[in-house]
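A.B. asks: Dumping the structure here so I can ask a few things about it.
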Amino acid sequence: MDEKIIKQVSIFVENKPGRLAAVTEILYRAKINIRAFTIAEAGDFGIIRMVVDKTDDAHRLLKENGFTVSLTRVLGVEVEDEPGGMFKIAKALGNEGINIEYVYAFTSGVERAMIILRVDDIEKATDVLEKEGVLFKGEVP
Amino acid sequence: MYWNPGAEKTPIKDLREIQERKLKALVHNVYYYSPFYRKKFREAGINPWDIEGLKDLKKLPFTKKPDLRDNYPFGMFAMPLSQIVRFHASSGTTGKPTVVGYTDNDIKVWVESMCRSLTACSVERDDTIQISYGYGLFTGGLGFHYAGEKLGATVLPTSAGNTQRQIELMRDLKSTVFACTPSYMLYLSEYAASIGISIENDTDLRMGIFGAEPWSEETRKRIEDKAGIDAYDVYGTSELSGPLFTECTEKNGIHIWADQFIAEIVDEEGEPVGEGEKGELVVTTIAKEAMPLIRWKTGDITVLEEEKCACGRTHPRIMRIMGRADDMLIVRGVNVFPSQIEHVLMQVPEAGDHYMIILDRAQDGLDVMTIQVEVNEEAFSDKVSDILELSKKISNNLKSVLNVSARVEVVNPGTLQRFEGKAKRVIDNRKL
Ligand SMILES: [Zn+2]
């Protein structure tokens, strides 16, 4: 089951100019590719969440550069880029009483959308979504 | 107008003589009746007979805040408990509180001092004084209260808090004088405006007496413009009795009644500063019985002006308090010690060891305290709510310990300044 779970890199950043640039520069210099990216912003600080191709390298490098980083287990689901894609997933999880803590999505390639989810019960969510027949991206290659 | 013209206009030469006589009596008195001072004099190798006049004042040891704490509750008293008619106490910031006792005569002297002061800043019988300083163990409320009554004015003892009611009572009972902290006055003016009441047009308020926290000429101007009143500064500390001295209507310094108190200004080494130089205010109480203090280090930085005032009073004046000699911070009139903040942070496992205290004065004149604290790396989750909860938890804990609210800013580990030796964790941006 673990191969169906994505490790997301989460970085604590203060809401100051240049912080985002500092993070992305480190990744760029190490030729790490960002697949999905979002910032949750809350006044004085924000949390950058991203899925990258070389997760462990990104984690180590950011830590070495003094960032507060954690790896978070999230789910990656690919759906048709059409109305109702997100609804289908949210409904299936909701019916099983699984809480979605946050979600972010982006379209990838033609007619496909990738959804990253953090849920309160990742094992159960995996089962639910598997039954729903949605495609797990697993560890991003 | 003078409350006690004879005393207030005593020629400076005569004031000096009164001080000499009272000082000599005081050192004998405390040597025999205060175990604390007898020990202190002996340690310093001082015999009461060595003090022949004011010139010998500097031979006497200082009395400091820790002395009060260490001798809690009665070790500083020079009178038997049967003679004590009142206690006031301040909350303990590092554990033990400090207590001050008053004899019947001490209360009389305190009231006399405040009557002279209130009269000097134009309060009179026809006034209604709304006292919004706290009543109780804190000396502010009662200090104003008894003097107000003695003057024959009408006292409205609202005590602190409940701004809506303060404003309604001010309007309905026609208060003419308001006593509170300057930051509360600013807040109250704004609040009044927000509920459609203009202090200037809808109330009879004509003046305010503001203190218990450092404030500036700019704040005076803001208060006066906003509320359409005259704003006066008041000084006093609980150790010396409570609120004691105010500015006269010249608004150029606070008169210290020299027949009751000897004021000195000393530098960081405790040496007297030159004329007109700033330093720490040191006060010797020459009219107190229960708990006389010799060379009490107030911790307040100011300048002493000994020239006779334009108001006709001969008693020296201290200029506006410029700051505190020690680490104590005064935030919205509340004493805050950085050690208390550190203590709170240490109780929160998610908080790192490094922190900064930043003080600003917001546009509305209120103090804003921001605590920057590094998040503990182990405690970092990627949920925004966790971090918001952490700041909220720290903020609530601080509020309950300090009695004043603080903004908490969680920052990245390693980003706050590190110190070798004495840490300078306080950045005070308030222009006092
Ligand atoms: Zn004067």
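A.B. asks: Rank B:Ser241, B:Ser198 by accessible area, highest first, at a 1.4 Å probe radius?
C.D. replies: My answer, sorted largest first, is B:Ser198, B:Ser241.
A.B. asks: What total accessible area, in Å², is buried where chains B and A meet, using a 1.4 Å probe and rounding to the nearest 100?
C.D. replies: 1500 Å²
A.B. asks: Right, here's the next one. Leaving out ligands, DNA and RNA, and with a 1.4 Å probe, what % of the accessible surface on the protein assembly as shown is carbon or sulfur?
C.D. replies: 49 percent
A.B. asks: Further question: Taking all pairs of different Cα atoms in segment A:74-136, averaging 1/r and flipping that mean, what Kirkwood radius in angstroms comes out?
C.D. replies: About 11.5 Å for segment A:74-136.
A.B. asks: Using DSSP to define loop residues, name the chymotrypsin sites (Phe, Trp or Tyr not before Pro) in segment B:332-432 whose beta-carbon has at most 11 other beta-carbon atoms within 10 Å.
C.D. replies: B:Phe419
A.B. asks: Still on this structure, please answer the following. If we count GluC sites (Glu not before Pro) as exposed when they sit in a DSSP loop and have at most 16 other beta carbons within 10 Å, what is the longest stretch of chain B that avoids them all?
C.D. replies: With a cap of 16 other Cβ atoms within 10 Å, the longest stretch comes to B:125-249.
A.B. asks: Moving to a separate point now. Over segment A:17-125, with a single point scatterer placed on each C-alpha, what log10 of the ratio I(q)/I(0) does the Debye formula yield at q = 0.10, 0.13, 0.14, 0.24 1/Å?
C.D. replies: Each listed q corresponds, in turn, to -0.35, -0.58, -0.66, -1.34.
A.B. asks: Moving to a separate point now. For a quick size check, give me the Cα extents of segment A:2-72 along its three principal axes, largest first, whole Å.
C.D. replies: Over segment A:2-72, Cα extents along the principal axes are 35, 24, 18 Å.
A.B. asks: In addition: Please calculate the 1.4 Å probe accessible area of B:His343, with all protein chains present, and give it to the nearest 10 Å².
C.D. replies: Taking all protein chains as shown, B:His343 has close to 100 Å².
A.B. asks: Just the accessible area for A:Asp81, please: 1.4 Å probe, Å², rounded to the nearest 10?
C.D. replies: 80 Å²
A.B. asks: Next question. Semi-axes of the equivalent ellipsoid for segment B:1-324, please: Cα gyration tensor eigenvalues, times 5, square-rooted, ordered largest first, whole Å.
C.D. replies: After diagonalising the Cα gyration tensor, the semi-axes are 35, 21, 18 Å.
A.B. asks: Enumerate the aspartates and glutamates that B:Lys13 could reach by cross-link, defined here as Cα to Cα under 16 Å, with residues fewer than 8 away along the same chain left out.
C.D. replies: B:Asp259, B:Glu305, B:Glu306, B:Glu307
A.B. asks: Shifting gears a bit: Please arrange A:Met86, B:Met319, B:Met114 by accessible surface area, largest first, computed with a 1.4 Å probe and ligands excluded.
C.D. replies: The most accessible residue leads, giving A:Met86, B:Met319, B:Met114.
A.B. asks: Now for a separate question. Under a 1.4 Å probe, what is the accessible area of chain A per residue, stated in Å²?
C.D. replies: Accessible area per residue: 50 Å².
A.B. asks: If you roll a 1.4 Å probe over the heavy atoms of the protein chains, what accessible area per residue do you get for segment B:1-324, in Å²?
C.D. replies: With all protein chains present, segment B:1-324 gives 41 Å² per residue.
A.B. asks: Same structure again: On a 28 Å Cα-Cα criterion, which of the cross-link pairs A:Lys63/B:Lys383; B:Lys64/B:Lys308; B:Lys59/B:Lys251; B:Lys22/B:Lys308 come out too long?
C.D. replies: B:Lys64/B:Lys308; B:Lys59/B:Lys251, as the Cα separations exceed 28 Å there.
A.B. asks: Same structure, new question: Work out the FRET efficiency for B:Tyr72 and A:Arg73 from their Cβ-Cβ distance, taking R0 = 41 Å, and round it to the nearest 0.05.
C.D. replies: The formula returns an efficiency of 0.15 here.
A.B. asks: Next question, about the same structure. With an 8 Å Cα cut-off and a minimum separation of 6 or more residues, compute the relative contact order for chain B in percent.
C.D. replies: 13 percent
A.B. asks: Could you please state, rounded to a whole Å, how far the C-alpha centre of segment B:26-55 is from the C-alpha centre of segment B:225-295?
C.D. replies: For segment B:26-55 versus segment B:225-295, the Cα centre distance is 23 Å.
A.B. asks: Let me ask something else about it. Can you pull the accessible area of B:Val234 for me, 1.4 Å probe, Å² to the nearest 10?
C.D. replies: 10 Å²
A.B. asks: Compute the normalised compactness of the protein assembly as shown: alpha-carbon radius of gyration over 2.2 N^0.38 Å, N being the residue count.
C.D. replies: 1.29
The values are calculated or read from the model by the stated rules, or taken from the named source; none is laboratory data. This structure is a prediction, so every number in the text was calculated from the model and none was measured. Cβ atoms come from the backbone with ideal geometry, glycine included; neighbour counts cover every protein chain shown. Surface areas here come from the heavy atoms of the whole protein model, side chains and all, with no ligands, DNA or RNA. Shrake-Rupley method; radii C 1.70, N 1.55, O 1.52, S 1.80 Å.
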